[in-house]
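The values are calculated or read from the model by the stated rules, or taken from the named source; none is laboratory data. This one's a predicted model, so the numbers in the text were calculated from it and none came from an experiment. As a convention, Cβ positions derive from the backbone with ideal geometry for all residues, glycine included, and neighbour counts pool all protein chains shown. For the accessible areas, the whole protein counts, side chains as well, though only heavy atoms, and no ligand, DNA or RNA atoms are used. Shrake-Rupley method; radii C 1.70, N 1.55, O 1.52, S 1.80 Å.
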Amino acid sequence: MSEERPRYQERPSRLPGAVVWTWDAPDHLPREPRSVLPDGCMDLIWTGGRIVVAGPDTHAFQVEPQNRAPCAAIRLAPGTAPVLLGVPAHELRDHRADLAHLWPSATVRRLTDRIDEASDPAEALEHLALDRIADTGPPDPRTVAVAEGLRRGRTVAATAAEAGLGARQLHRRSLAAFGYGPKTLARILRLQRALELIRTGLPYAEAACAAGCTDQAHLAREMRDLCGTTLGAYFGAASANSETPQPSGSSTTA
């Protein structure tokens with residue numbers, strides 16, 4: 001008989017750049033604290049009777065066992081959530097906020113009830129996001145270009161030039177769209193690239209260089225600064241933990 005494990009699943013969303021994910025664990029399984037790493041994204045998270053927004057993180061976020069109820073969520077690509085929510089990203093930086101604190105409570109109650117009653121809460125949550133974007137329109141193309149340039153490893157200066165933005169304009173737009181300046185976003189996306197490569201089996205040193213770090217020591221410093229841990233400790237915990245490691249910083253509720 002196979003060992004029963006917590007279940008983390010994800011799939012691409014119909015919302016461009018987004019990912020729908022779910023997490024669940026049987027009640028009898030032990031639940032250990034888990035660190036969620038910064039990834040430049042923001043998440044809209046449903047857990048029975050509540051919708052929470054996970055803002056952009058600048059450091060690892062600790063999810064305590066009592067806060068890990070089964071949930072469904074949509075992870076929104078960098079720069080997407082502020083358009084959908086109508087709130088600048090920097091106002092939610094390093095925070096988890098009830099959607100009812102951002103939108104009219106009656107509206108949120110109606111949406112929450114709809115998701116609570118849905119046979120597939122993840123699909124219902126995705127519909128919420130799709131309907132909202134249909135009303136608000138997509139993110140500014142220059143914001144999308146900035147995120148994509150930094151994701152590809154372009155320098156901040158080159159990314160600003162490609163997007164037709166000055167340094168101050170880029171910084172101001174980045175705060176509103178991503179929650180922090182372009183240099184911080186570039187560091188976070190570079191770290192995530194390195195972690196993804198390591199998950200494929202690439203050695204630390206090779207992954208560091210391929211992601212744009214100068215060497216393995218540089219990657220190790222970024223891991224400590226942004227995540228408060230080491231590469232060995234992080235991947236060792238992921239290997240020992242029964243939960244499937246997430247490819248980016250998905251978060252359950254606070």
As an exercise: evaluate ALA54 against (1) modelled with pLDDT under 95; (2) within 18 Å of the chain's Cα centre (by Cα); (3) open to solvent by less than 30 Å² (accessible area, probe 1.4 Å) and give the number of the one condition it does not meet.
(1)
Conditions (1) modelled with pLDDT of 95 or more; (2) open to solvent by 50 Å² or more (accessible area, probe 1.4 Å); (3) within 28 Å of ARG172 (Cβ to Cβ): number failed by MET42
(2)
Tell me, yes or no, whether segment 216-224 has at least one residue that is within 18 Å of ALA60 (Cβ to Cβ), at pLDDT 95 or above, more than 18 Å from the chain's Cα centre (by Cα) and not basic (Lys, Arg).
yes
Can you pull out the residues in segment 89-105 that are among the hydrophobic types (A, V, I, L, M, F, W, C) and in a strand (DSSP E or B)?
ALA97
Apart from one, (1) of a type outside the set (D, E, K, R); (2) over 16 Å from THR22 (Cα atoms); (3) in a helix (DSSP H, G or I); (4) touching a residue at least 40 places away in the same chain (Cβ under 8 Å) all hold for ILE115; the odd one out is (2)
Answer yes or no: is there a residue in segment 86-98 that is β-branched (Val, Ile, Thr) and more than 16 Å from VAL52 (Cβ to Cβ).
no
So PRO16 clears everything in (1) at pLDDT below 95; (2) part of a strand (DSSP E or B); (3) open to solvent by 10 Å² or more (accessible area, probe 1.4 Å); (4) not acidic (Asp, Glu) except one condition, right? Which one?
(2)
Condition broken by VAL83, with the remaining ones in (1) within 30 Å of ALA158 (Cβ to Cβ); (2) crowded, with 22+ Cβ neighbours inside 10 Å; (3) among the hydrophobic types (A, V, I, L, M, F, W, C) satisfied:
(2)
Kindly indicate whether any position in segment 169-188 is closer than 25 Å to THR229 by Cα and open to solvent by 50 Å² or more (accessible area, probe 1.4 Å).
yes
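Listed here are the residues, each with its yes/no results for (1) surrounded by 13 or more Cβ atoms within 10 Å (Cβ to Cβ); (2) among the β-branched types (Val, Ile, Thr); (3) assigned to a helix (DSSP H, G or I).
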{"position": "THR107", "(1), (2), (3)": "no, yes, yes"}
{"position": "LEU111", "(1), (2), (3)": "yes, no, yes"}
{"position": "LEU125", "(1), (2), (3)": "yes, no, yes"}
{"position": "LEU128", "(1), (2), (3)": "yes, no, yes"}
{"position": "ASP135", "(1), (2), (3)": "no, no, yes"}
{"position": "GLY149", "(1), (2), (3)": "yes, no, yes"}
{"position": "THR159", "(1), (2), (3)": "yes, yes, yes"}
